[in-house]
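The values are calculated or read from the model by the stated rules, or taken from the named source; none is laboratory data. The model shown is predicted, which means the values in this text are computed figures rather than measured ones. Backbone-built Cβ (ideal geometry, glycine too); neighbour counts: all protein chains shown. Please note that ligands, DNA and RNA were not included when accessible areas were found on the heavy atoms of the full protein model with its side chains. Shrake-Rupley method; radii C 1.70, N 1.55, O 1.52, S 1.80 Å.
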Amino acid sequence: MKILMIANYFPPINGSGSIQTMYYAKYLAMKGNEVNVITADYPKDYLNYDEGLLKEITNVPNLNIHYVSLGNLYLKIYPRMKIKGSKEKNKSRKSLKVFLNSALRKKVKKIVSIPDSYLEWRNSAYDNAKTIIEKDKPDVIFSILESPSSHLVALKLKKHFPHIKWIGFWSDPWTLSIDFSKKPFLRRYIEKKMENEIIKNVDKLLFTTSATSELYQRKFGIEDLKCDVVYRGFDLEKYELIKSKTCSTDFENIINPVKINIIHAGELYSQYRDIEPLLLALKEIKQKNYNVFEKLNIIFMGGMHGYSEHLGILAEELNIKITTRKPFDESLALMFNSDFLLLYGNKGGVQIPGKVYDYFGIDKPIISLIANTSDPLVKLLDNNPKGPVISNEKAVIIDLIKDIVNKKVNINSQFYQPNYNFQWEKIISDLEEKLNT
């Protein structure tokens, strides 16, 4: 099968969605499919640039990656890494930075970057994809909505090449996301029309959960046969290699070998996950059970968005360490050196956090904090037990932490094994079948 993938989030960008797409492309190619990927050419000082990921997709047979320019406008506003000791080159650069970081600029960006900041990329991506189609004649266009522009490129291609099957993957809801209502009215109106046009023209829709699929079917009147669910996985060979090369002394500034290390790996957004119950639980444990509190080392590894009121007290008062996002391999190594992995369910309750599939490959128990009982994460963990699943409430968290420290929690030996059902080889066989039907 010849597959043209459209995905503007892709390595070397380090993010849950880009890593997922990378493995889709890599393993589809390794199974003998001819895979061309149209993606974005991110600069090396981009915030989540991870050069180490490139080795995962270098010299993979049948895999061709086409990096397309983001355009001049995007290159003025993209989030940059903070480099220690770096200085601005000149005053005009400082002035530009002040403007770009102003509240006015952010407000204007929300209004005019519809549906995202990839306007120039979309045009160039379409031109590149059109050339590939005319030359290689793919069997299927596979677009990944980590950002809506990927679907918009595919929509334009479908209208120009209506005979080619187009399958779209919604890694997250777009206009049905829980924070969509916060956007300006005009933007909501335009984006709803965009998504509706995409759904009318796409041949098949793939989602990460049945709950999201059912939501889209209900809201857009989509036939059940037009929708399906695909999953994520982990690279067992890579995990075993990383595990064999790591020890806790490599991370003495993060891992504390004499304490119980609980790691949350990945981005946290306040509109989706609530860390307040955990903070309140730790405060109370510190006040009433200091012998329990002093044995804890809780690590948030990655960006924390919308928690500015909390960040000042975390490290100082609550045995919490906050680290920046780590390269993917280093992140996995830290997880292997932890004692527990921390997982938050979403407030909205229709999506499953992608990191749970990364966690499934780690030989450590998962502590899952659930915001509501309808969360599809609950069903996934019921069918694939990997550790305690509790409600995200202060009192419940306190009881669990005390039981963990006092070794009263029944930790099944199964929790210390990877879940082999989610190896990428098995996941890709399922995806390949759904792309081919």
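Does the stretch 375-383 contain at least one residue that is open to solvent by less than 20 Å² (accessible area, probe 1.4 Å), in contact (Cβ under 8 Å) with a residue 12 or more places away in the chain, within 23 Å of Ile19 (Cα to Cα) and part of a loop (DSSP other than H, G, I, E, B)? No, there is no match, as no residue in the stretch 375-383 is open to solvent by less than 20 Å² (accessible area, probe 1.4 Å), in contact (Cβ under 8 Å) with a residue 12 or more places away in the chain, within 23 Å of Ile19 (Cα to Cα) and part of a loop (DSSP other than H, G, I, E, B).
You will find that of Pro138, Pro173, the residue that is open to solvent by 10 Å² or more (accessible area, probe 1.4 Å) and farther than 20 Å from Lys26 by Cα is Pro173 and no other. Within the stretch 1-45, the set of residues being open to solvent by 20 Å² or more (accessible area, probe 1.4 Å), touching a strand residue (DSSP E or B) at 6+ places or on another chain (Cβ under 7 Å) and not in a loop (DSSP other than H, G, I, E, B) comprises Lys2, Lys26, Glu34, Asp41. I'd like to know if the stretch 337-354 contains one or more residues that are in a helix (DSSP H, G or I) and buried (at least 19 other Cβ atoms within 10 Å of the Cβ). Checked the stretch 337-354: no residue is in a helix (DSSP H, G or I) and buried (at least 19 other Cβ atoms within 10 Å of the Cβ). Residues that are under 19 Å from Leu280 (Cβ atoms) and without any contact (Cβ under 8 Å) to a residue 24 or more places away in the chain were ranked within the stretch 397-418; the one that is most open to solvent (accessible area, probe 1.4 Å) is Asp399. Against the list (1) of a type outside the set (D, E, K, R); (2) in contact with a helix residue (DSSP H, G or I) (Cβ under 8 Å, 6 or more places away or on another chain); (3) open to solvent by 50 Å² or more (accessible area, probe 1.4 Å), the condition Asn201 fails is (3). The number of residues in the stretch 181-214 being within 30 Å of Val356 (Cα to Cα), at pLDDT below 95 and of a type in the set (A, V, I, L, M, F, W, C) comes to 1. All of (1) assigned to a strand (DSSP E or B); (2) of a type in the set (A, V, I, L, M); (3) surrounded by fewer than 16 Cβ atoms within 10 Å (Cβ to Cβ) hold for Leu206 with one exception: (3).
Candidates Glu393, Glu432: the one that is of a type in the set (D, E, K, R) and under 30 Å from Gly168 (Cα atoms) is Glu432. Note on the stretch 233-255: among residues that are surrounded by 13 or more Cβ atoms within 10 Å (Cβ to Cβ) and in a loop (DSSP other than H, G, I, E, B), the one that is modelled with the lowest pLDDT is Thr246.
Among the candidates Ile190, Ile198, Ile144, the residue that is in contact (Cβ under 8 Å) with a residue 24 or more places away in the chain and in contact with a His (Cβ under 6 Å, 6 or more places away or on another chain) is uniquely Ile198.
Just one of the listed residues (Ser69, Ser18, Ser86) is of a type in the set (S, T, N, Q) and at pLDDT below 90, namely Ser86. Of everything listed in (1) over 21 Å from the mean Cα position of the chain (by Cα); (2) open to solvent by 30 Å² or more (accessible area, probe 1.4 Å); (3) at pLDDT below 95, the single unmet condition for Ala371 is (1).
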